[in-house]
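Heads up, the thing below is written out as structure tokens.
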Amino acid sequence: MFEFLNSFFDATLGYLLGLPNPYGLMIVSFILTFLMTLAYKFFTNQEVMKTLKEELKEMQTGLKDTTQTVEKKMHLQKNMMAKNMEYMKHSLKPMLITFLPIIIIFGWLRGYYTSLDNPKIFFELTWLWSYMVFSIIFSVTLRKLLKVN
């Protein structure tokens, strides 16, 4: 099974990693981040997510209000916990959908870079840290472009 996956990823993504560092890993990171962002966009109700975010922001503002009583702030914190749990419930489906493929691809990437003695890819960072830097940058950009909450 793993041999099949390794040969599949070698054939589909392997040529990208043959590009000079850090470009290959950067492209792979972009592809994976793009697919994950699309999964979050299409497997969540964006209107509900936006509403929950706005409500949480209002509650945070209310917590910062120094004129409120301790009881009122405790009530706001309780409501914030409930809203956060609801937000997490909505984001769980795309996370479960993307988790297994990402774990498999990360296993392949680890094997690829381990076979090369873990070279430094980007600013003396290993492949995993380089991937994380690229992924964060792409995620922020793609979420804005695709209007993902």
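The values are calculated or read from the model by the stated rules, or taken from the named source; none is laboratory data. Remember, predicted model here, so these are calculated numbers, not experimental data. All Cβ positions, even for glycine, are placed from backbone atoms using ideal geometry, and neighbour counts span all protein chains on display.
Residue-by-condition table, conditions (1) aliphatic (A, V, I, L, M); (2) touching a residue at least 24 places away in the same chain (Cβ under 8 Å); (3) in a loop (DSSP other than H, G, I, E, B):
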site	(1), (2), (3)
LEU92	yes, no, no
LEU100	yes, no, no
LEU109	yes, yes, no
ASP117	no, no, yes
VAL140	yes, no, no
query = Failed condition for LYS120, given (1) under 20 Å from PRO20 (Cβ atoms); (2) within 14 Å of the chain's Cα centre (by Cα), with all others met?
reply = (2)
request  = Could you tell me whether GLU54 is at pLDDT 90 or above, outside any loop (DSSP other than H, G, I, E, B) and farther than 30 Å from TRP127 by Cβ?
outcome  = yes
ask   = Taking the stretch 30-56, which residues are touching a residue at least 24 places away in the same chain (Cβ under 8 Å) and among the hydroxyl-bearing types (Ser, Thr, Tyr)?
value = THR33, THR37, TYR40, THR44
ask   = Out of all the residues in the stretch 119-132, which are surrounded by 14 or more Cβ atoms within 10 Å (Cβ to Cβ) and either touching a residue at least 40 places away in the same chain (Cβ under 8 Å) or on the phi > 0 side of the Ramachandran plot (or both)?
value = ILE121, PHE122, TRP127, SER130, TYR131
In the stretch 75-85, the residues that are surrounded by 15 or more Cβ atoms within 10 Å (Cβ to Cβ) and either closer than 27 Å to TYR40 by Cβ or among the basic types (Lys, Arg) (or both) = MET80, LYS83
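Filter the stretch 5-20 down to the residues that are outside any helix (DSSP H, G or I) and hydrophobic (A, V, I, L, M, F, W, C) and list them by number. Let's see the steps before the verdict.
Pass one, the stretch 5-20, residues outside any helix (DSSP H, G or I): 13, 18-20.
Correct list: LEU13, LEU19.
Restricting the stretch 15-29 to residues that are hydrophobic (A, V, I, L, M, F, W, C) and in contact (Cβ under 8 Å) with a residue 12 or more places away in the chain, which is farthest from LEU128 (Cα to Cα)?
So the first thing to find is which residues in the stretch 15-29 are hydrophobic (A, V, I, L, M, F, W, C), and the list is 16-17, 19, 25-28.
From the residues that got through so far, the ones that are in contact (Cβ under 8 Å) with a residue 12 or more places away in the chain too are 16-17, 25-26, 28.
Values: LEU16: 16, LEU17: 14, LEU25: 10, MET26: 11, VAL28: 12 Å.
For the stretch 15-29, the residue satisfying everything is LEU16.
Scan the stretch 21-43 and tell me whether some residue there is outside any helix (DSSP H, G or I) and under 26 Å from PHE123 (Cβ atoms). Give the derivation first.
We begin by selecting, within the stretch 21-43, every residue outside any helix (DSSP H, G or I); these are 21-22.
Add one more test, that the residue is under 26 Å from PHE123 (Cβ atoms), and what stays is 21-22.
So far as the stretch 21-43 goes, yes, one or more of its residues are outside any helix (DSSP H, G or I) and under 26 Å from PHE123 (Cβ atoms).
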remark   = MET59 meets each of (1) more than 17 Å from PHE134 (Cβ to Cβ); (2) without any contact (Cβ under 8 Å) to a residue 24 or more places away in the chain; (3) part of a helix (DSSP H, G or I) with one exception, condition (2)
query = Is it the case that LYS72 is surrounded by fewer than 14 Cβ atoms within 10 Å (Cβ to Cβ), outside any loop (DSSP other than H, G, I, E, B) and over 23 Å from the mean Cα position of the chain (by Cα)?
reply = yes
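Conditions tested, residue by residue: (1) within 17 Å of PHE106 (Cα to Cα); (2) touching an Asp or Glu at 6+ places or on another chain (Cβ under 8 Å); (3) of a type in the set (D, E, K, R).
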residue	(1), (2), (3)
VAL28	yes, no, no
LEU52	no, yes, no
GLU55	no, no, yes
GLU58	no, no, yes
